[in-house]
Amino acid sequence: MSEDKASQTKERAHRQYPAAMVNITNRCTLRCKHCFIYRDGNPNNPKGEMSTSLMVSKLSELQRRHDIQNMLWMGGEPLLRPDVLHEGTKLFPRNIVTTNGTKDLIDLPNCTYVISVDGPPEYNDSIRGKGSFNRIMRTLSRVPEQFKPIVMCQCCVTAKNEDLLEELVESLKLTRAQGMTFTFYVPPKDDESGLSWGSLERRDRAVREVMSLKQVYPEFIWNKGRSLELMLSPNSKSVTDNCPSMKLVMPLYLEGDEFVRPYCCYGNDVDCDLCGAWVVFYLAAKLEEGTFADIELA
Ligand SMILES: C[S@@+](CC[C@H](N)C(=O)[O-])C[C@H]1O[C@@H](n2cnc3c(N)ncnc32)[C@H](O)[C@@H]1O
Ligand code: SF4
Ligand code: SF4
């Protein structure tokens, strides 16, 4: 290894990360068409997963070493490992659990739940699987009255649902969700899914649609206005060329008894130029405000 690379690796091993994302299981109750986790070349083997006690002790050590304040709990489906969530969320001041809504939510400390739902029933089910929209609505309807965590939803915008977003907002407003964000599809290189716009200019229409929805539903849509502006084609590349998520969010994927770090939170094979990840543009807007020191993802 060159001296430069060795010192970069050493620096990454010890520096502070305000946030991390961790896949606590590679198992899932769904197989969504857009999912970056199950792409070839990413650590995603569902067999032989780390025990709960080992996982919690590794996360505790990482929290201390990097002073991690925000933990994003993901998978696969993180609610398939409730023991990890019960113990692990005690380690971090702020927790975000992103779930597919097929399992009941559990009460956790200092926690926000993000329930993924990708459009009105027909579109959602074409991506997330038959019956998944109704399962999400059922989970939302079963959130107890006195539930402590914040409950919100997230929709992944693609070239195929960009005209269906208002219909989704209208139906989510009738549920227990307190708000929602839109994230935009992160394609692999040479994407052939048909979900990508293929260029930033073609994506602009969808970004502008979310901007206008935010005018209509300012309380319910939680994307920051500036984050959306930064996502427009004249600005986006200057953000992704210098990706703030790479610097501030440590990705931890599960590989048997180890956590491994892929290229970024979205795995190894990503097309950064077309990345529309909510977290990237949220952090870019926060950095512009100079509020790096108090980055709070939950
Ligand atoms: C990988 S999932 C893991 C947690 C859980 N299984 C779920 O679906 O919410 C985390 C989030 O990433 C989103 N996602 C998956 N693939 C994506 C992609 N290619 N681009 C942008 N977001 C994506 C999902 O819709 C979900 O909101
Ligand atoms: S539910 Fe989440 S982890 Fe599972 S396939 Fe869908 S996006 Fe991926
Ligand atoms: S794909 Fe997105 S999150 Fe990953 S490094 Fe590229 S710009 Fe950052």
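General remarks:
- Restricting attention to segment 128-143, the residues that are more than 16 Å from Leu172 (Cβ to Cβ) and either in contact with an Asp or Glu (Cβ under 6 Å, 6 or more places away or on another chain) or touching a residue at least 12 places away in the same chain (Cβ under 8 Å) (or both) add up to 1.
This table checks each residue for (1) touching an Asp or Glu at 6+ places or on another chain (Cβ under 8 Å); (2) under 21 Å from Ile127 (Cα atoms); (3) in contact (Cβ under 8 Å) with a residue 40 or more places away in the chain.
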residue: Asn26; (1), (2), (3): yes, yes, yes
residue: Lys33; (1), (2), (3): no, yes, yes
residue: Phe36; (1), (2), (3): no, yes, yes
residue: Gly41; (1), (2), (3): yes, no, yes
residue: Met50; (1), (2), (3): yes, no, yes
residue: Ile68; (1), (2), (3): no, no, yes
residue: Trp73; (1), (2), (3): no, no, yes
residue: Leu80; (1), (2), (3): no, yes, yes
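- For Asp269, the conditions (1) in contact with a strand residue (DSSP E or B) (Cβ under 8 Å, 6 or more places away or on another chain); (2) modelled with pLDDT under 95 are fulfilled apart from (1).
- Top-ranked residue of segment 250-275 - restricted to ones that are near ligand 3 (Cβ under 10 Å from one of its atoms) and out of contact with any Pro (no Cβ under 9 Å at 6 or more places or on another chain), ranked as farthest from Leu200 (Cα to Cα): Cys272
- The requirement of being in a helix (DSSP H, G or I), over 19 Å from the mean Cα position of the chain (by Cα) and either exposed (fewer than 12 other Cβ atoms within 10 Å of the Cβ) or polar (S, T, N, Q) (or both) is satisfied by Ser171.
- Phe182 being at pLDDT 95 or above, in contact with a strand residue (DSSP E or B) (Cβ under 8 Å, 6 or more places away or on another chain), within 16 Å of ligand 2 (Cβ to nearest atom) and more than 30 Å from Ser53 (Cβ to Cβ): yes
- Taken together, Met50, Met55, Met21 contain a single residue that is modelled with pLDDT of 95 or more, part of a strand (DSSP E or B) and under 21 Å from Glu258 (Cβ atoms), which is Met21.
The values are calculated or read from the model by the stated rules, or taken from the named source; none is laboratory data. Bear in mind the structure is a predicted one, so any value in this text is a computation, not a measurement. Ideal geometry is used to build each Cβ from the backbone, glycine not excepted, and the neighbour counts take in all protein chains shown.
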